[in-house]
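Data first, discussion second: the structure below is written as structure tokens.
A short reminder: the numbers here are calculations on the coordinates, not readings from a lab. Computed from a predicted structure; not experimentally measured. Glycine gets a Cβ as well: all are built from the backbone with ideal geometry, and neighbour counts include every protein chain shown.
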Amino acid sequence: MKISVNTKKMAVIGDPIGHSMSPFMHNTVIEANGFDAVYFPFHVKEGEVEDFCKAAKTLGFSGFNATMPHKQVLLDLVDEIDPEAKEYASINTVKITEEGKLIGYNTDVRGLLMAFEDRGVKLSGAKIMIIGAGGVAGALVKGCGQVGAGSVTVLNRTFEKAAAICDGLSYASAMEQTPENMRKIAEGADVIVNCTSLGMHGVGSDFADLSFLDSSQALLCDLIYNPWETKFLAYGRERGLATMNGMAMLIYQGLLAFEKFMDVKLDCRAEYERLLPLCEAKLKG
Ligand code: NAP
């Protein structure tokens, strides 16, 4: 790799950040396509994001991605917010223009929608069950509305959060996360998305009971990709359900961000095909 003053600089910030696959993914795309660019991971703690934004501007970064816990605070720190990011109230991609203007985008939801499209899953008219009501769930509920989902039901440990993200959306309803409700909604769902951190590597808590899936025919999607197959996905697969983990979403959201940073158009499908086995090997290795 040759670094010069013209080399484009990009980054991901988060706390923690060591687990992030983004540097591997982005640097693979850079190398494979011969771009003059480099992508760094930076451990930026809560309260340090404003300083990071100033530093990134001063150092001439082309942009950066943000992961937990910075996706909301950036809404107050950027100069301009793309309408989708505004609607989702979450920024995971910040482009820095040559004039030093910070523009916030959200590529998470579009990344997940591209992952569904890849699998031939049609969300238009579909009955979608969402488990969890955190930042990504809230954005996904709105994304489901944009693609014309038939209905969206959100079940969360803290009911009030589910109710808040469904508020004012005619196609979405919130339910308490009781075993009975889980079973009832799973039975009629076309797609079930786990938007909780249950089952994630290092988190330590997992679904205590997955029998709500026993009479479901839905496609199961877990936003988690580490482990590659969560207990939620394994349980469904063993019962013959189609499953997908969060890696396709991660790859597609990253490719969409890369296009913004670099002002290029990628063949996202081809890049995805290249990245998927490499990311799987890296995670499992
Ligand atoms: P978040 O805002 O922290 O929300 C976490 C959700 O998990 C909340 O609904 C929370 O319920 C629920 N939860 C946590 N512990 C629980 C427990 N012990 N029992 C029941 N529910 C529990 O997280 P987020 O940013 O939306 O992210 C959600 C998931 O998506 C994470 O696993 C994250 O890694 C993943 N993700 C994947 C990608 C990708 O590219 N694949 C991108 C972004 C995020 P309460 O509301 O009751 O606390």
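Measuring nothing but how far apart in sequence close Cα pairs (under 8 Å, 6+ apart) lie, relative to its length, the chain scores a relative contact order of 15 percent. Simple rule: put +1 on each Lys or Arg Cβ and -1 on each Asp or Glu Cβ in the chain, find the dipole, and look at V121, G199, Y88; the Cα lying farthest toward the positive end is V121. Candidate cross-link partners of K95 among the lysines, defined by an alpha-carbon separation under 29 Å and a same-chain spacing of 8 or more, comprise K2, K8, K9, K45, K54, K57, K71, K86, K142, K260, K265, K282. Between E160 and I3, the simple label model (points 7 Å from Cα in the Cβ direction) yields a spacing of 4.8 nm. Given R0 = 35 Å, the distance between the Cβ atoms of L266 and E180 translates into a calculated FRET efficiency of 0.15. Using the Cβ-Cβ distance between H43 and E280 with R0 set to 25 Å, the FRET efficiency from 1/(1 + (r/R0)^6) comes to roughly 0.50. Compare the Cα positions of L220, C166, M182 along the charge dipole of region 109-245 (+1 at Cβ of Lys, Arg; -1 at Cβ of Asp, Glu; about the Cα centre) and return the one farthest towards the positive end. The residue sitting most towards the positive pole is C166.
From a point 7 Å beyond the Cα of T97 in the direction of its Cβ, which residues of region 48-67 have a backbone N at a distance under 19 Å? What the label zone holds, given the 19 Å backbone N cut-off, is 53-65. Sparse packing (at most 10 other Cβ atoms within 10 Å of the Cβ) combined with a DSSP loop state is found for the following trypsin sites (Lys or Arg not before Pro) in region 245-274: K265.
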